[in-house]
1. For residue 145, indicate whether it is touching a Cys at 6+ places or on another chain (Cβ under 8 Å), touching a residue at least 12 places away in the same chain (Cβ under 8 Å) and closer than 23 Å to residue 248 by Cα.
2. From the residues in the stretch 1-24 that are open to solvent by 10 Å² or more (accessible area, probe 1.4 Å) and closer than 16 Å to residue 132 by Cα, which one is farthest from the chain's Cα centre (by Cα)?
3. Which pairs turn up if I take residues in the stretch 169-183 that are more than 30 Å from residue 236 (Cα to Cα) and look for partners that are of a type outside the set (S, T, N, Q) and part of a helix (DSSP H, G or I) with beta carbon separation below 8 Å, at least 6 apart in sequence or on another chain?
4. Scan the stretch 49-67 and tell me whether some residue there is acidic (Asp, Glu) and within 16 Å of the chain's Cα centre (by Cα).
5. Quick one: how many residues across the stretch 136-170 are over 16 Å from the mean Cα position of the chain (by Cα) and open to solvent by 30 Å² or more (accessible area, probe 1.4 Å)?
6. Take the stretch 55-74 and flag every residue that is in contact (Cβ under 8 Å) with a residue 40 or more places away in the chain and either under 21 Å from residue 130 (Cα atoms) or in a strand (DSSP E or B) (or both).
7. If the requirement is being at pLDDT 95 or above, assigned to a loop (DSSP other than H, G, I, E, B), of a type in the set (Gly, Ala, Ser) and out of contact with any strand residue (DSSP E or B) (no Cβ under 9 Å at 6 or more places or on another chain), which of these qualifies: 172, 235, 227, 188?
8. For residue 101, only one of the following conditions fails: (1) part of a helix (DSSP H, G or I); (2) surrounded by 21 or more Cβ atoms within 10 Å (Cβ to Cβ). What is its number?
Amino acid sequence: MNMNLVIIYGISSLLGFSIAKKLCENQQFHIIGMYRNSNDYIEDLNKEQQVIKLMSVDLLSHDIKPSQILDDIVHEYDNITVLYSCGVWNHSPVIKITKNEIEHVTRIGFRAPVEVMSRYIQYLDDNGKKWQFIATTGLAGEKGAVKYNGLYNATTTALCNFARSVASEVSGSGNIVCLYSIGLFDKGQEYINNLCRQLTIQRPLSLEKIIEPICQQITYPNIAFNGAVVELSDGLFNYQEAANIMVSK
């Protein structure tokens, strides 16, 4: 059986963890997971035979070096997917944004995934591997540019546009860069149901509806999605009302 490798940045988040658990049901995958802090999700994944490596990495200061992770095993895999599922939500009036918030949000939401994408593409191309890079963000784009959401939206929008540019560079190669722009979904937040009842969607998206299309693309890479920014939002097109409510608390 040909084995495929999935490298997940943010595997200790509910989204990253849930995608990993779903992929563990498919015996054609091995998984490497990156996390900042250990938690119950990491303890659970330590028991999965399909997870071959879990690594603590602080993306605020870590240099991205795929060779340190893959040199001993890259020859074992036909296809490699890198999934970046890290981000920092920010909601505040522009006059209250701090230097540390700017550094944290832009580093995790834009600069780190850009570095991950760049370094892995170079490394995997040099090793003759087929690959895809998938990132997840919150809702982004021009229609997401609403008050109290400026820093977060600017960061996620920048990543979307960067991914589109990279997709153009690799077009025709058979490799894929795509991004999933996700609305409000149920991560078990105490406030989520009350918040969503005040919004157009009325209730948060279920986790299953979010991970299904992402796992589908990982399992059956569709070249038509190269350059795509896929919105998973159930009609919620921006975070305006959510930001209003969060700022007022």
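1. Details: touching a Cys at 6+ places or on another chain (Cβ under 8 Å): no; touching a residue at least 12 places away in the same chain (Cβ under 8 Å): yes; closer than 23 Å to residue 248 by Cα: yes.
No.
2. The qualifying residue farthest from the chain's Cα centre (by Cα) is 3.
3. What qualifies is 170/121; 174/223; 175/121.
4. The initial filter retains those residues of the stretch 49-67 that are acidic (Asp, Glu), namely 58, 63.
If we keep only those that are within 16 Å of the chain's Cα centre (by Cα) as well, we get 58.
Scanning the stretch 49-67 turns up at least one residue that is acidic (Asp, Glu) and within 16 Å of the chain's Cα centre (by Cα).
5. 10
6. 64, 65, 66, 67, 69, 70, 73, 74
7. Working: 235 fails: at pLDDT 95 or above; 227 fails: out of contact with any strand residue (DSSP E or B) (no Cβ under 9 Å at 6 or more places or on another chain); 188 fails: at pLDDT 95 or above.
Sole residue among the options that is at pLDDT 95 or above, assigned to a loop (DSSP other than H, G, I, E, B), of a type in the set (Gly, Ala, Ser) and out of contact with any strand residue (DSSP E or B) (no Cβ under 9 Å at 6 or more places or on another chain): 172.
8. Of (1) part of a helix (DSSP H, G or I); (2) surrounded by 21 or more Cβ atoms within 10 Å (Cβ to Cβ), only one is false for residue 101: (2).
The values are calculated or read from the model by the stated rules, or taken from the named source; none is laboratory data. Computed from a predicted structure; not experimentally measured. Cβ: placed from backbone, ideal geometry, glycine included. Neighbour counts: every protein chain shown. The accessibility values were calculated without ligands, DNA or RNA, using every heavy atom of the protein model including side chains. Shrake-Rupley method; radii C 1.70, N 1.55, O 1.52, S 1.80 Å.
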